Amino acid sequence: MDYTLPEEIVEMKSATRDLVRNYLIPMESQVDKAGAVPEEAMNRLKELGYYGITIPEEYGGMGLNQLAYCSIMLELAQAHQAFTHELGVANGIGSRALMAFGNEKQKQQYLPRIASGEIVTAFALSEPQAGSDAANIQTSAVRTQGGWLLNGNKLFITNALNADLFTVIAVNDREKKGRGGMVAFLVERNTPGFQVAQILETMGSKPYVYGELVFEDCFVADETVLGQVGEGFRVAMHTLDEGRLHVAASACGVARRLLEMSVEWSKNRQAFGRPIADNQGIQWMLSDSATELYAAEQMLFNACWRHDRGERVSKEASMCKLFASEMVGRVADRAVQVHGGMGYMRELAVERMYRDVRVMRIYEGTSEIQRIIIARELLKGNI
Ligand code: COS
């Protein structure tokens, strides 16, 4: 196993770290006050190419593999999550299905615009009655002249507010469902019969919104089908395998910043006439966070490295997502504790980060679903 990054990725990682520390982090209170990300910051991220990190070079991206992307994400995710929402989806669940299953025409049509940040993407699988049980989605795709009619609702869709292009999974054969009965489509925002019905506010910080999509006799042409008719569930599962590595990378990035903040605070905060870092009670919290973060990062590097060699890593991606998302929850909790009363105050980023990481144990498959996937693989003999 060799996780050595090429020199240019090491440089990009270092440049990303500088960007996060010197440009994005200083803007965070502005983001929280306005409840929105400054246009200027998004434009800078686009200009620097961050929307196209995983998109192949022939389509205008950087064409980096998962190990390189996740290594960059470890830095980017240290900034307010609002900055990385769009670009995380652009490099992940918003484009991976198109990259893996799209035909040449579809790729030419959309990938360069996704890579430049000109269009924003979203992935629409979850529904009001089917989140974890993805094979039970109800949004229907019925054959009609020259295409399909979509009917149904999608819920909790990241980027719904501003996405231009949606990867939508629908069922065309209710008997077969996840085994040959689904279709994946590329649906543009302005398609008649398709609308974003409502925006859902969350316990996360303000720019964190999800949306509900409604399809009513929405006609989509045959050319919008991604991959083969019938393999929509496979498209979704493949997309999520990679998406789960990305969630793990984000969790590790956030955890690293929380740990650094906790170390810094504990060295500066005085109690009983000395820095609180002198107390073993504090030291043990820092040590536990550092140890768990180290373990999560090593799991991630290994899974990415195996993925990039062409191995199927469904089980490992679930393990990384499960462990890292739960790890960052514990690290955030300890960070609040180390910061004491100030950790509970809106004034410090740690309070926001504590709320923002909660969703990592839910989206792209809950912790319980990850355990199911891992156990099924084990029982199949993949130990
Ligand atoms: N890659 C490719 N194919 C896959 C796959 C993967 N990672 N996982 C499953 N499949 C295939 C299976 O091989 C199976 O086909 P065969 O029997 O022909 O081999 C088919 O898909 C059905 O799989 P399975 O029987 O495992 O489906 P289930 O309905 O039992 O559920 C889980 C599968 C629980 C894994 C799935 O519903 C899931 O991931 N749920 C969570 C969804 C999620 O993350 N939602 C969050 C919102 S999206 S941001």
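The values are calculated or read from the model by the stated rules, or taken from the named source; none is laboratory data. As the structure is a prediction and not an experimental result, all values here were calculated from the model. Heads up, the Cβs are rebuilt from the backbone with ideal geometry, glycines too, and the neighbour counts pull from every protein chain shown. Note: areas computed on protein heavy atoms with side chains; ligands, DNA, RNA excluded. Shrake-Rupley method; radii C 1.70, N 1.55, O 1.52, S 1.80 Å.
Just a few scattered comments:
- Selection of chymotrypsin sites (Phe, Trp or Tyr not before Pro), segment 199-279, meeting DSSP coil and at most 14 other Cβ within 10 Å: PHE272
- In order along segment 238-245, the phi-based Karplus estimate (6.51 cos²θ - 1.76 cosθ + 1.60, θ = phi - 60°) of 3J(HN,Hα) comes to 4, 4, 5, 4, 6, x, 5, 5 Hz; Gly and Pro are listed as x.
- Potential extension, GLU188-LEU378 segment - 0.36 nm per residue separation minus Cα distance: 64.5 nm
- Taking the C-alpha atoms only, the angle from helix 367-379 to the longest principal axis of the chain is near 70 degrees.
- Relative contact order (%) - the chain, alpha-carbon pairs under 8 angstrom, separation at least six: 15 percent
- Applying both filters, DSSP loop and at most 11 other Cβ atoms within 10 Å, to the GluC sites (Glu not before Pro) of segment 147-228 gives GLU175.
- If R0 is taken as 45 Å, the Cβ-Cβ distance between GLU216 and GLU368 corresponds to a FRET efficiency of 0.85.
- Using a Förster distance of 35 Å, the FRET efficiency for ARG269-LYS206 (Cβ separation, nearest 0.05): 0.80
- Measuring nothing but protein heavy atoms, the accessible surface of the chain at 1.4 Å probe radius is 51 percent carbon and sulfur.
- Relative contact order [Cα under 8 Å, 6+ residues apart], segment 234-379, whole percent: 32 percent
- The dipole here belongs to segment 1-51: it is taken about the Cα centre, uses +1 on the Cβ of Lys and Arg and -1 on the Cβ of Asp and Glu, and is about 200 debye.
- Only alpha carbons enter this Debye calculation for the chain, each as an equal point scatterer, and the log10 of I(q)/I(0) it gives at q = 0.08, 0.14 Å⁻¹ is -0.41, -1.23.
- Within the listed set CYS304, CYS252, CYS218, the residue fluctuating most in the Gaussian network model of the chain (springs between alpha-carbon atoms under 10 angstrom) is CYS218.
- Estimated at 0.36 nm per residue, the fully extended path between ASP133 and GLU347 surpasses their Cα-Cα distance by 73.1 nm.
- Sparse packing (at most 16 other Cβ atoms within 10 Å of the Cβ) combined with a DSSP loop state is found for the following GluC sites (Glu not before Pro) in segment 233-329: GLU311.
- Dipole magnitude of the chain about its Cα centre (Cβ charges: Lys, Arg +1; Asp, Glu -1), debye to nearest 20: 820 debye
- Per-pair calculated FRET efficiency, R0 = 45 Å: GLN30 and THR291 via Cβ, rounded to 0.05: 0.85
- Too-long pairs where the Cα-Cα distance tops 23 Å, listed order kept, from LYS154/LYS380; LYS13/LYS315; LYS46/LYS107; LYS315/LYS380; LYS13/LYS267; LYS33/LYS154: LYS154/LYS380; LYS13/LYS315; LYS13/LYS267; LYS33/LYS154
- Paramagnetic label zone (point 7 Å from Cα along Cα-to-C-beta, GLN228; backbone N under 20 Å) in segment 170-197: 170-186
- Spin-label zone in segment 330-353 - amide nitrogen under 17 Å from a point set 7 Å from the Cα of ASP278 along the C-beta vector: none
- DSSP bridge orientation in segment 121-230 - percent antiparallel, rounded to nearest 5: 85 percent
- Whole-Hz couplings from phi, Karplus 6.51/-1.76/1.60, listed for segment 105-119; x for Gly and Pro: 5, 5, 5, 4, 5, 10, 4, x, 6, 6, 4, 7, x, 5, 10
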